[in-house]
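Every number in this text was worked out from the coordinates using simple rules, so none of it is lab data. None of the values given here were measured: they were computed from a predicted structure. Backbone-built Cβ (ideal geometry, glycine too); neighbour counts: all protein chains shown.
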Amino acid sequence: MLSLKWFSKTNVFTGCCCIIKGCSGSVPVSFQLNRISRGLHTGLCVQEETRRRTERKVCESVLQHFNTQYTEELGELWLSSREVLLNPQCWQYGVLLNRFSDHVDIEADLKSSGYYSLLSPPDSPFSRSQHLQCLVHKEAARLPKQRHRDGWLKQYYLLNAASLLPVLALAVRDGEKVLDLCSAPGGKAFAVLQTANPALLHCNEVDKSRYMWLMKTLQSYVPRALGDTLSVTNEDGRDIGNQKPGMFDKVLVDAPCSNDRSWLFSAGAQQGELRLRERSKLPQLQKQLLCSALAAVRPGGLVVYSTCTFSRAENQAVMEALLSSSQGVELVELEEELIGSLSAHFKFARLQPPVGHLVVPEQGRTWGPMYVCGLRRRS
Ligand SMILES: C[S@@+](CC[C@H](N)C(=O)[O-])C[C@H]1O[C@@H](n2cnc3c(N)ncnc32)[C@H](O)[C@@H]1O
């Protein structure tokens with residue numbers, strides 16, 4: 001296990017502006033956010049990123065495969081979601097503010113540019129967390145990414161806002177011990193730290209290069225003072241349940257899955273076909289990771305499972321198989337209040353069987369796909 005060591009890197013910075021583009025494909029509107037563009041901690045120019053996204057080619061074999069499977073599983077919903085997934089220019093991005101950084105100016109700029117909070121204000125009785133602040137825009141606005149600068153904390157993390165659903169479902173409380181079993185690149189680990197002050201957040205990632213990426217994320221967003229709270233390992237998550245039985249209050253399994261959004265733009269037919277061939281192995285891996293998570297959580301503790309695919313085989317079927325083969329495990333319904341408050345922002349599919357929740361993208365609310373389901377270990 002590694003505790004975090006912060007390392008330095010040379011940084012380049014360029015000024016930049018943001019692009020707003022409607023789903024209709026209308027003329028792009030660019031605007032400048034005063035302090036963001038003045039802050040100049042940007043990475044790739046947003047226009048460059050937008051151009052790259054526009055130029056990405058759809059992988060026909062993956063599209064055909066999804067058409068067959070998801071028409072059967074989702075019917076009409078697949079048609080509306082497909083329209084969004086195939087048009088990267090209409091994708092929205094959530095801006096998750098970093099409570100450990102000084103972001104007051106940026107928050108004010110964003111709000112004056114039409115951004116609003118995804119969740120209730122932090123002081124509301126309905127707020128899920130004291131600190132988590134995610135701003136969204138009804139258009140496909142895209143901020144520049146900020147570059148890593150040694151000794152400086154990035155002010156925001158860009159994400160698909162539906163990624164917050166598993167973190168909110170985990171509902172971490174101050175002082176809890178939390179395991180993020182499949183953690184890289186670290187978006188949800190970062191989000192967990194925005195919601196509470198856990199006694200321990202243990203992040204694990206099996207892939208070496210993604211593990212390095214995870215370390216970099218944590219270094220860029222989390223103050224050194226929290227170093228003792230965090231631990232990071234580069235192991236197969238399937239082994240962690242045996243290594244740390246019953247050690248955690250909560251475990252997040254943000255599982256490796258058919259990442260529908262990105263698979264549709266696989267780099268070439270070969271990569272697409274390889275992914276489709278390997279796809280049938282995913283449910284087995286997902287079940288093994290869940291078993292490990294259930295071993296790592298204490299009796300009475302909560303495991304949240306999430307994926308970013310529509311696939312029934314990787315979502316409800318995994319949960320059902322697990323529930324039927326494991327004793328002392330029960331399904332946990334996500335709080336109605338949480339689903340209700342997010343329904344204004346997210347489109348939820350009606351699942352059959354009704355196990356877990358699935359956010360599906362639609363025009364104007366392009367968040368998802370994101371499947372979330374909770375399990376409690378009884379004994
Ligand atoms: C969906 S991604 C996680 C995204 C991450 N939670 C976030 O929010 O940034 C799934 C991750 O699981 C990792 N993974 C795949 N197999 C694994 C295993 N056996 N044990 C642990 N991690 C694994 C993948 O390399 C990938 O980084």
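For Arg224 paired with Ser343, estimate the spin-label separation in nm (one decimal), with each label point 7 Å from Cα along the Cα-to-Cβ line.
That separation, rounded to one decimal, is 4.9 nm.
What does the extension gain come out to for Leu200 and Asn242, with contour length at 0.36 nm per residue minus their alpha carbon separation? Mind dumping the intermediate values first?
Values: separation 42, 0.36 × 42 = 15.12 nm, distance 1.85 nm.
Going from the current span to full extension adds 13.3 nm.
Using per-residue counts of other Cβ atoms within 10 Å, averaged over each peptide, order 222-233, 310-321, 140-151, 186-197 from highest down. Can you show the working numbers first?
Values: 222-233: 15.9, 310-321: 21.4, 140-151: 19.4, 186-197: 23.2.
By packing density, highest mean first, the sequence is 186-197, 310-321, 140-151, 222-233.
For the residues Trp367, Trp213, what sequence is obtained by ranking on other C-beta atoms within 10 Å, fewest first?
Sorted ascending by nearby Cβ count, the order is Trp213, Trp367.
Cα centroid distance between region 62-87 and region 202-266, in Å?
30
Compute, for region 18-377, the length of the dipole vector about the Cα centre, with Cβ point charges of +1 (Lys, Arg) and -1 (Asp, Glu) only. Units Debye, rounded to 20.
On the way: 41 positive and 37 negative charges, 158 e Å.
Charge dipole of region 18-377: 760 debye, to the nearest 20.
Evaluate the charge dipole of region 98-253 about its Cα centre and quote only its size in Debye, nearest 20, assuming +1 on the Cβ of each Lys and Arg and -1 on the Cβ of each Asp and Glu. Mind showing how you got there, number by number?
Details: 19 positive and 17 negative charges, 57 e Å.
Value, rounded to 20: 280 debye.
Only residues of region 139-169 count here: report those whose backbone N is under 19 Å from the spot 7 Å along Cα→Cβ of Leu323, or say none.
166, 169
For region 111-253, what value does the Rg/Rh ratio take when both radii are computed over Cα atoms and Rh is the Kirkwood radius, given to two decimals? Mind showing how you got there, number by number?
Values: Rg = 15.6 Å, Rh = 16.1 Å.
With Rh from the inverse mean 1/r over Cα pairs, Rg/Rh is 0.97.
Please give the FRET efficiency for Ser379 paired with Leu158, using the beta carbon to beta carbon distance and R0 = 35 Å, rounded to the nearest 0.05.
Details: r = 41 Å, r/R0 = 1.17.
Efficiency computed from Cβ-Cβ geometry: 0.30.
Please compute the length gained on full extension between Arg298 and Glu330, using 0.36 nm multiplied by the number of residues separating them and subtracting their Cα-Cα distance.
On the way: separation 32, 0.36 × 32 = 11.52 nm, distance 1.38 nm.
Gain on extension, Arg298 to Glu330, equals 10.1 nm.
What do you get for Rg/Rh over region 247-343 if you use C-alpha atoms and the Kirkwood form of Rh?
On the way: Rg = 15.4 Å, Rh = 15.0 Å.
We get a ratio of 1.03 for region 247-343.
Kindly put Cys257, Cys90 in sequence by how many other C-beta atoms sit within 10 Å of each C-beta, fewest to most. Intermediate results must be reported in sequence, preceding the final value.
On the way: Cys257 24, Cys90 20.
Result, fewest neighbours first: Cys90, Cys257.
Kindly provide the pair-distance distribution of region 18-377 built from C-alpha pairs, with 10 Å bins from 0 and whole-percent values in order of increasing distance.
Each 10 Å bin holds this share of Cα pairs: 5, 24, 35, 27, 8, 0.
If you plug each phi of region 359-374 into the Karplus form 6.51 cos²θ - 1.76 cosθ + 1.60 with θ = phi - 60°, what whole-Hz ³J(HN,Hα) values come out, in order, with x for Gly and Pro?
Values per residue, Gly and Pro as x: 8, 10, x, 9, 4, x, 9, 8, 6, x, x, 8, 9, 9, 8, x Hz.
What is the distance, in nm, between label points placed 7 Å from the Cα along the Cα-to-Cβ direction at Leu79 and at Asp102?
In this crude label model, Leu79 to Asp102 measures out at 5.4 nm.
So which of Lys138/Lys281; Lys145/Lys250; Lys138/Lys347 end up more than 26 Å apart, counting from Cα to Cα?
On the way: Lys138/Lys281 37 Å; Lys145/Lys250 30 Å; Lys138/Lys347 14 Å.
Long pairs (Cα-Cα over 26 Å): Lys138/Lys281; Lys145/Lys250.
Near the amide H of Asp180, under 5 Å away, which other amide H atoms are found, from residues 5 or more places off or on another chain, if H is placed in the peptide plane?
Here the answer is His202, Cys203, Asn204, Leu252, since their amide H atoms fall under 5 Å of that of Asp180.
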